[in-house]
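Taking it in order: structure first as C-alpha cells, then the write-up.
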Amino acid sequence: MRQLLVIVSSLVMSGAAFCTEIHVPADQPSIQAGINAAVDGDTVIISPGRYVENIDFLGKAITVRSTDPLNADVVAATIIDGNQSGTCVTFRTGEDRDSVISGFTITNGGACCEECGGGSGCGCDEMPLAGGILCDYFTELTTVVIHRGSFPTICNNHIVGNSGRAGGGIYACVFCSPLIADNIISWNTCTCCYGGGLSTAGSATVVRNVFEGNSANSGGGAISFMNTSASDPPGVISGNTIIDNQGWMGSAIFLNDVHQHLLLQGNLVAANGPQPVEGSVSTIDMGAAHVEFVDNMLVGNYSPIAAWVFCCGTDFIMDDNIISGNAASCGICLSNTPGTVTNNTIIGNTGRGVGLDGGEFLANNIVAGNSGPGIRVSGPACLLNETVVDNGPSLAVGGILQEDSVRSSFVRNCIVQGNGVADAKQMEITYWNSRCIPKVSVDHCNIEGGIDSIDVQPGATLSWGPGNIDADPRFVRPGRWDDAGTPDDTSDDVYVPGDYRLLPGSPCIDAGTNDIDNPDTAQVETLPATDLAGVKRIVDGDFSGAATVDIGAYEFLPGDADGDGRVSVLDFIRIRNSLGLDPSSSPDARLADVNGDGSVNMVDLLLARRQFQGR
C-alpha cells in the first residue's frame, strides 16, 4: 500500500510539473521568452503593459493570456504591439485547440517587415500575410507528404489597427481552422486582397465576435472565405455583430469558391458600405458548397447591387432571416443558384425585394414594402405560400415580375396585394418574354384585381388555375406607406410594416392546396412543415373537418389569441376577457373571435380548448 501511495504521489507531482504558470515579466522578460520556456500544458500569464514584439507559439499546446481576459480594462491595458514589423502573433507549427491566445489588445501589425523585403513603398508581395494573427501550415516530408495546419483558439482579444496583404486582422492559410470566439476585431485593413477583419483559405469557427470598421481592397470588409476544399472542416460564422465595414465585393462578407459545408447563423449585419460593388454580403463562384444562411439580420446596409448576392451554381438554404431597410437594387439577388428560400422577412428595402435567375424554391416569405417589385424572376422558380404586398408604390408592376423564363414556373398559395401605383392600372403580376415561351401557372392565390391584374405579354403563356380569389386577406395589421407629410414627394416615403398573420374569418384560411408539386420540374416540391412563425402546416382553420393549407406565409391557428404561435392558458384568459366585446372595434377581440363570426362568446372558448387538446 505504501508503495502504491508513493507511485500515485509521484504521478500527481509529475502532472503538476506539466501545468506550470509562467509570469511575464516577473519570471520571463518578454512574451516570447515565456513561450520559449513553456512546455505543453503550461500557462503564460502576461501582466498589463505594452509588449513590442512579434510572437510565435512554436507549436506548443499552451495558453498565453492576460491576467483577466474577461475584464475589458485589463484587455485594453495588455498590448501586443507588432511595431509595423510583421505579424503580431503567429501559429505555424501544427498548433491545436489547446494553443490559446486570450485577453490582449493585438495591434500595429503589418507594414513591410524585414523578412518580407523591407523598405518604404513596398508592394503587396512584400507585406506580411496577416497583420494581427497568422495561422499558417507546414509540410512534413515522410513516406508521404503531409500538410499540417494550425487549429488554435483565439478568444477574448481586441484585434485592432492591423494590416496585411491577405488578411488584416486574422489570416488562416489552407489546411488551417482556428476557433475565433468573443473577440472585437476592428479597424483592420487588408490592403491587397479579401478579408479586412478575417480571411481564410481553409476554414474557421467564428462565433460571438464583433467586426467593426474593417476594410478590404478587394472584398469581404469583415470576413472572407476563399478557395476552400471539400476536405476542410465545416465552417461556422455564428452570433457575430458585423457593422460599418467596407469592401469592393461584399462589404461585410465575401465567399468565393467555398467547397466545404458553411453555416452562417444568428449574425447581425448592419450599416456596412458605402463603397462595395456587389453587396454587403456577396457569394460568387461557390462551386460545390452547401451553404446555410439561418436566422441572420441584415439591416441598414448600402450597396449599388444587393444586400445579399448568391451566384453561380451554389446549393444553399436560406431560412428565417430578416432583410430590412437596405439601400440596394434588391434585398436578395440570386444568380443560377438552386436552393431554397424559406421563412424570410424581406421588408422596406430600396429596390426589388428578391431578384432570381431561376432554380429556386421560395416558400413562407414575407416580401413587403420594398421600393421596387417584390419579386423579379428571370428563370424557372416555384413561389409557394408567399405574402407579397405593398411593393413598388411608384411602379406599374409592383408584385411579381417574371421575364426571360426558359422553363415553367408556378405561383401557388400566395397573397399578392397592394403592389404598384394605387391610383393607376395595377399589375400585381407581369409575365413577359422576348426569346422563349415560358409557361406560368397561378392557382389557389389571393390576387388583388384577379386575372385582370396579370399582364401576360407576347411570348408568355399563363395557366390560370383553380382556387384563385380576389379578397381582403384580413391581416392582423396591414402595413402602409407613410408619406412623411409630403404626399407629392415619394423620395422620403417610409414603409411601416404590418402584422401579416390572418385574422379569424380570413378568406385565405384553408383556401390553398396541399398538392404543390410542379410536374414540369424534376424535383418534387413539398409543403414546408411549418409556416413563417413556426406554426405547423397544415391546420384545420375553418373547422370543416378537412385540414387544408392557408394562402400566404402564415397558417391561421384557431385559439391563438395572443399570437405567440401556440394555444395555451394565456389564450383562454384573453378570450375570456374579450367576451362580449365587438371584434370590429377591439384589437384583442379580433383574435379572440376564434371562429370569425363577428362576436366573442363561449363557442370561441370551446373551440380554443379543442385546439389546445389536439395540439
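Worth a mention:
- Label positions at D515 and D315, each projected 7 Å from the Cα along the C-beta direction, are separated by 2.9 nm.
- Highest mean first, the peptides 296-302, 506-512 sorted by other C-beta atoms within 10 Å per residue fall in the order 506-512, 296-302.
- Cα gyration tensor category, rounded, prolate or oblate, for segment 18-192 with a/c compared to 1.5: oblate
- Shape category assigned to segment 338-556 from the gyration tensor of Cα positions, a/c cut at 1.5: oblate
- A cut-off of 5 Å between modelled amide H atoms, ignoring neighbours fewer than 5 places along the same chain, links I159 with I106, I184, I185, S186.
- Each Lys or Arg adds one and each Asp or Glu subtracts one; over the other residues with Cβ under 15 Å from the Cβ of I575, this totals -3.
- Taking Cβ atoms as reference points and 12 Å as the exclusive limit, the residues near I46 contribute a net charge of -2, counting Lys and Arg as +1 and Asp and Glu as -1.
- Segment 338-556, relative contact order in percent, only Cα pairs under 8 angstrom and at least six apart counted: 16 percent
- Among 390-398, 341-349, 485-493, 604-612, sorting by the average number of other beta carbon atoms lying within 10 angstrom of each residue, highest first, gives 341-349, 390-398, 604-612, 485-493.
- Theoretical FRET efficiency, 1/(1+(r/R0)^6), r = Cβ-Cβ of T43 and T241, R0 22 Å, to 0.05: 0.15
- Just so you know, the averaged projected area of the alpha carbon convex hull for segment 484-545 sits at 8.2 nm².
- Extension gain, F612-S229: 0.36 nm per intervening residue step, less the Cα-Cα distance, totals 132.9 nm.
- One decimal place: the segment R576-T139 gains 150.0 nm when fully extended, by the rule 0.36 nm per residue minus the C-alpha distance.
- Computed label-point distance, nm, for sites N83 and V421 using a 7 Å Cα→Cβ extension: 6.9 nm
- Estimated from the Cβ-Cβ distance and a Förster radius of 45 angstrom, the FRET efficiency linking S586 and S463 is about 0.55.
- Working from label points 7 Å from Cα in the Cα-to-Cβ sense, the D295 to D564 distance is 1.8 nm.
- Contact order normalised by residue count of the chain, Cα under 8 Å, 6+ apart, percent: 5 percent
- Using the Cβ-Cβ distance between A546 and V496 with R0 set to 25 Å, the FRET efficiency works out to roughly 0.10.
- Neighbour net charge for Q265 - beta-carbon separation under 12 angstrom, K R +1, D E -1: -3
- Ordering 370-376, 44-50 by mean Cβ neighbour count within 10 Å, with the highest value first, yields 370-376, 44-50.
- Shape category assigned to segment 457-615 from the gyration tensor of Cα positions, a/c cut at 1.5: oblate
- Each stretch of four or more DSSP H residues adds -39500 (n - 2.57); spread over every residue of the chain, this sum gives -2500 deg cm²/dmol at 222 nm.
- Distribution of pairwise C-alpha distances over segment 559-615, 5 Å bins, in %: 4, 26, 36, 23, 9, 2, 0
Read the figures in this text as sums done on the coordinates, not as results from a lab. Just so you know, these numbers come straight off a predicted model, no measurement behind them. Glycine gets a Cβ as well: all are built from the backbone with ideal geometry, and neighbour counts include every protein chain shown.
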